[in-house]
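Beneath this line is the structure, given in structure tokens, with notes to follow.
The values are calculated or read from the model by the stated rules, or taken from the named source; none is laboratory data. The structure presented is a predicted model; accordingly, all values stated were derived computationally and were not measured. A quick note on method: Cβ atoms are made from the backbone with ideal geometry, for glycine too, and the neighbour counts reach across all protein chains shown. For accessibility, only protein heavy atoms count, side chains too; no ligands or nucleic acids. Shrake-Rupley method; radii C 1.70, N 1.55, O 1.52, S 1.80 Å.
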Amino acid sequence: MSVDKVLAEVDRAAGEIVDFAARLIRIPTVNPPGEEYDACARAIGDQLRAHGAAVQLLPAVGRSEHTERYPRINVVGRHAGSSNGPAIHLNGHFDVVPPGHGWTRDPFGGEVVDGKLFGRGACDMKAGIAAAVFAVEAIRRAGAGHALPIEISGTVDEESGGFAGVAWLAEQRILSQERTRAVIIPEPFGVDRICIGHRGVYWFEVCAEGRIAHGSMPYLGANAIEGMSHFLDLVRDELGPVLFDRITAMPVVPDGSRHATININGIDGGQPVDDSPSPCVADRCRAVFDRRFLMEEGLDQTRAEIAALVAKAQARMPDVRFSIEDRLVFEPTHTAEDAPVVTALAEAIARVTGRQAALVASPGTYDHKHVARIAGVPQCVAYGPGQLDLAHQPDEYCAIDDMIAATKVLALAVLNLAR
Ligand SMILES: [Zn+2]
């Protein structure tokens, strides 16, 4: 029976899976600025080619972040199916965040210790890429036929928005409603959890403009920082409790993020604090906010609420002029809980782990948004090895047992979906 054969091929490939993930970790694809993308895209491409896939290296031509110094190179491998239907697509980003401080191991060493593979990007998400690559290879080695084409892509810049990565693939229609049946992104949600979507992002800037005057006669000016403080008071005292009372029906983890949230990312106003004294009333203050909104709230309501709050601050301090500017907007995404891609993964999880799959949603966003919004593919989930809370941390690792189990789950799910 092909299922047992496929599972046996994953077990047989265990060493190769770990080696390949370790090899990817040793390529320091740090973003920003986007180091070594070319080398990593080639390493993934070479592996896929060795597995018999038709491979394309795809520089994100036309994107301003694609430069000679830091080229943005994506890679796609494709195995044709016996029919010419839409593909089952596995996508992983190969950029990683900078290692930061506090490591007790080489962040780019790809060391294996006590059954764990260590390194920046181990769980987020080079182990996931290795799992995807070898899930498909196990299907091939088992000789299990499939009707639909199977594709695997490695993409750039997820950590900085994914515009030259998955968004670009979608704009080029490499990922599209016509060409793509379902997308699985092996982000580290764990071996028995399927992530069906994420909250929305409304990232905006508020600017307060006052009137400069001599600091010894502040009553002659209008202090922009004082103006901003009115807005900050309103965010904390009025908006904060309202947001806390809103809870989404989406299964967002951790629990705290089932509520709507807002974060004050940064503030900048008046004269730089380290400058030599020049007594002036601050005539400008800007602050940036990160509002994560729920599917139930929607973008329009979220925006209108902020505009009303700014109007209130304006009324409290008419001498200061307030304005709002959008910085980044992502709509929430939500794949139907009974979509075939969810069912196929849940069945595979039950078969491989003996446990019932948990459906979760992500507090932050990932490339799902581009698959849903630009490519227009409604079936997209994240499923992959590793623990989410180790992502972006020092001593990031992925347990090897998890990598093998997730490879098996992906293989069975892909086999089922591509049948
Ligand atoms: Zn990631």
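Residues checked against (1) in contact with a Lys or Arg (Cβ under 8 Å, 6 or more places away or on another chain); (2) within 16 Å of the ligand (Cβ to nearest atom); (3) of a type outside the set (Gly, Ala, Ser); (4) in contact (Cβ under 8 Å) with a residue 24 or more places away in the chain:
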position: Cys285; (1), (2), (3), (4): no, no, yes, yes
position: Glu297; (1), (2), (3), (4): yes, no, yes, yes
position: Glu305; (1), (2), (3), (4): no, no, yes, yes
position: Arg321; (1), (2), (3), (4): no, no, yes, yes
position: Pro340; (1), (2), (3), (4): no, no, yes, yes
position: Thr353; (1), (2), (3), (4): no, no, yes, yes
position: Ala358; (1), (2), (3), (4): yes, no, no, yes
position: Ala361; (1), (2), (3), (4): yes, yes, no, yes
position: Asp389; (1), (2), (3), (4): no, yes, yes, no
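Residue count for the range 312-347 under the criterion of being of a type in the set (S, T, N, Q), outside any strand (DSSP E or B) and exposed (fewer than 15 other Cβ atoms within 10 Å of the Cβ): the result is 0. Across the range 385-405, the qualifying residues are those that are of a type in the set (A, V, I, L, M) and outside any helix (DSSP H, G or I), and the one among them that is farthest from the chain's Cα centre (by Cα) is Ala399. Of everything listed in (1) surrounded by fewer than 13 Cβ atoms within 10 Å (Cβ to Cβ); (2) of a type in the set (Asp, Glu); (3) touching a Leu at 6+ places or on another chain (Cβ under 9 Å), the single unmet condition for Asp274 is (3). The sole residue among Leu243, Leu220, Leu148, Leu175 that is crowded, with 16+ Cβ neighbours inside 10 Å, more than 16 Å from the ligand (Cβ to nearest atom) and over 30 Å from Ala13 (Cα atoms) is Leu243. Listed by first and then second residue, the pairs with beta-carbon distance under 7 Å, at least 6 apart or on different chains, first residue in the range 146-175 and more than 22 Å from Val201 (Cα to Cα) and modelled with pLDDT of 95 or more, second within 16 Å of the ligand (Cβ to nearest atom) and part of a loop (DSSP other than H, G, I, E, B), are Gly154/Phe94. Of all residues being of a type in the set (A, V, I, L, M, F, W, C) and buried (at least 24 other Cβ atoms within 10 Å of the Cβ) in the range 157-166, which is farthest from the ligand (Cβ to nearest atom)? Just the residue, please. Checked the range 157-166; the qualifying residue farthest from the ligand (Cβ to nearest atom) is Ala164. Which of the following residues is charged (D, E, K, R), assigned to a strand (DSSP E or B) and within 19 Å of Ile324 (Cβ to Cβ): Arg292, Arg236? That would be Arg292, the only listed residue that is charged (D, E, K, R), assigned to a strand (DSSP E or B) and within 19 Å of Ile324 (Cβ to Cβ). Do the conditions hold for Arg78, that is, is it away from the ligand (no atom under 16 Å from the Cβ), modelled with pLDDT of 95 or more, outside any loop (DSSP other than H, G, I, E, B) and more than 25 Å from the chain's Cα centre (by Cα)? Against the criterion (away from the ligand (no atom under 16 Å from the Cβ), modelled with pLDDT of 95 or more, outside any loop (DSSP other than H, G, I, E, B) and more than 25 Å from the chain's Cα centre (by Cα)), Arg78 does not qualify.
Would you check if Ala132 is out of contact with any Lys or Arg (no Cβ under 6 Å at 6 or more places or on another chain), within 16 Å of the ligand (Cβ to nearest atom) and over 21 Å from Leu7 (Cβ atoms)? Judged against the criteria, Ala132 is not a match.
Would you check if there is a residue in the range 217-224 being under 21 Å from the mean Cα position of the chain (by Cα), in a strand (DSSP E or B) and of a type in the set (Gly, Ala, Ser)? The answer is no, given that none of the residues of the range 217-224 is under 21 Å from the mean Cα position of the chain (by Cα), in a strand (DSSP E or B) and of a type in the set (Gly, Ala, Ser). Counting the residues of the range 149-174 that are in contact with a His (Cβ under 7 Å, 6 or more places away or on another chain) and more than 22 Å from Ala43 (Cβ to Cβ) gives 3.
Okay, residues lined up against (1) in contact (Cβ under 8 Å) with a residue 40 or more places away in the chain; (2) of a type outside the set (A, V, I, L, M, F, W, C); (3) in contact with a helix residue (DSSP H, G or I) (Cβ under 9 Å, 6 or more places away or on another chain):
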residue: Ala14; (1), (2), (3): yes, no, yes
residue: Arg26; (1), (2), (3): yes, yes, no
residue: Pro32; (1), (2), (3): yes, yes, yes
residue: Glu36; (1), (2), (3): no, yes, no
residue: Arg42; (1), (2), (3): no, yes, no
residue: Leu57; (1), (2), (3): no, no, yes
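Yes/no matrix, rows are residues, columns are (1) more than 16 Å from the ligand (Cβ to nearest atom); (2) assigned to a helix (DSSP H, G or I); (3) more than 21 Å from the chain's Cα centre (by Cα); (4) more than 26 Å from Glu325 (Cβ to Cβ):
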position	(1), (2), (3), (4)
Pro188	no, no, no, yes
Tyr202	yes, no, no, no
Gly227	yes, yes, yes, no
Gly256	yes, yes, no, yes
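Of all residues in the range 100-127, those that are within 16 Å of the ligand (Cβ to nearest atom) and surrounded by fewer than 19 Cβ atoms within 10 Å (Cβ to Cβ) total 1. Of note, Gly62 does not satisfy the criterion of being open to solvent by less than 60 Å² (accessible area, probe 1.4 Å) and either touching a Gly at 6+ places or on another chain (Cβ under 6 Å) or at pLDDT 95 or above (or both).
Inspection of the range 112-119 identifies at least one residue that is free of Cβ contacts under 8 Å to residues at least 24 places away in the same chain and among the acidic types (Asp, Glu).
Just so you know, in the range 124-181 the residues that are β-branched (Val, Ile, Thr) and assigned to a helix (DSSP H, G or I) include one that is farthest from the chain's Cα centre (by Cα), and it is Ile139. Exactly one residue among Arg355, Arg351, Arg373 is open to solvent by 30 Å² or more (accessible area, probe 1.4 Å) and not in a helix (DSSP H, G or I), and that residue is Arg355.
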